[in-house]
Amino acid sequence: MTVDTLVEHLAELYGQPIHLVPLPLPLGSPDGLWVAADGENYIIFEQRLAPVHQHQVILHELGHLICGHGAASVMTPEATQLLVPSLDPGMVRRVLGREHSHSEAEAEAELVGSLIGRQVGIWTAERTWDVPPEARELAARLAALESPSQRRNDE
């Protein structure tokens, strides 16, 4: 199972779409946020994190959703507008602003995310990377290399 298939399953189970939204989050903000708005769920996560860390952040936020954790108002209007400018800041503060600390809900979400992470792969089946123009020649040469065992298996 991948994170994408888990998200699809949870969306079907809860009857609401779940969107994974990578964004460059403001300095000092949490690495991930769960926003529930107008019958849809948004898992916003720091796009500059290492993929394995993004994976854990997404699972942690899904842990909040699964555990039915509520939201408290701790987000500023400015942070809200930076994160999700298309949503009403007042509504986002009401549903988003969980306290990110060592609370019982945070520990529970982390545990649930970690347990799910044991069963969920990091990559989707169709993981692709954009190769920057300056590295395309090198990437093509590396792709052309085959190990001797691959050649024997192909023959």
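Taking the range 51-71 only, how many residues are open to solvent by 50 Å² or more (accessible area, probe 1.4 Å) and either of a type in the set (Ser, Thr, Tyr) or at pLDDT below 90 (or both)?
4
Determine whether the range 3-12 contains at least one residue that is among the hydrophobic types (A, V, I, L, M, F, W, C), under 9 Å from the mean Cα position of the chain (by Cα) and open to solvent by less than 40 Å² (accessible area, probe 1.4 Å). Before you say what the answer is, go through the steps one by one.
Residues of the range 3-12 among the hydrophobic types (A, V, I, L, M, F, W, C): 3, 6-7, 10-11.
Filter once more, keeping what is under 9 Å from the mean Cα position of the chain (by Cα): 3.
From what's left, open to solvent by less than 40 Å² (accessible area, probe 1.4 Å): 3.
Yes, there is a match, as at least one residue in the range 3-12 is among the hydrophobic types (A, V, I, L, M, F, W, C), under 9 Å from the mean Cα position of the chain (by Cα) and open to solvent by less than 40 Å² (accessible area, probe 1.4 Å).
So Arg98 ticks every box in (1) modelled with pLDDT of 55 or more; (2) in a loop (DSSP other than H, G, I, E, B); (3) under 20 Å from Val35 (Cα atoms) but one. Which box is left unticked?
Of everything listed in (1) modelled with pLDDT of 55 or more; (2) in a loop (DSSP other than H, G, I, E, B); (3) under 20 Å from Val35 (Cα atoms), Arg98 misses just condition (1).
Those residues that are of a type in the set (Val, Ile, Thr) and farther than 19 Å from Leu33 by Cβ, I need them from the range 105-120; list them, please.
Here is the first cut: in the range 105-120, the residues of a type in the set (Val, Ile, Thr) are 112, 116, 120.
Across the range 105-120, the qualifying residue is only Val120.
Taking Ile116 as the residue in question, decide whether it is modelled with pLDDT of 85 or more, open to solvent by 30 Å² or more (accessible area, probe 1.4 Å), among the aliphatic types (A, V, I, L, M) and within 13 Å of Val7 (Cα to Cα).
So Ile116 fits the description; yes.
Can you tell me which residue in the range 13-44 is most open to solvent (accessible area, probe 1.4 Å), limited to those that are of a type in the set (S, T, N, Q) and not in a strand (DSSP E or B)?
Looking only at the range 13-44, we keep the residues that are of a type in the set (S, T, N, Q), and these are 16, 29, 41.
From what's left, not in a strand (DSSP E or B): 16, 29.
Working: Gln16: 66, Ser29: 37 Å².
Ranking the qualifying residues of the range 13-44, first place goes to Gln16.
The values are calculated or read from the model by the stated rules, or taken from the named source; none is laboratory data. Since we're looking at a predicted model, the values are computed, not measured. Neighbour counts are summed over all protein chains in view; Cβ atoms, including those assigned to glycine, are modelled from backbone coordinates with ideal geometry. Please note that ligands, DNA and RNA were not included when accessible areas were found on the heavy atoms of the full protein model with its side chains. Shrake-Rupley method; radii C 1.70, N 1.55, O 1.52, S 1.80 Å.
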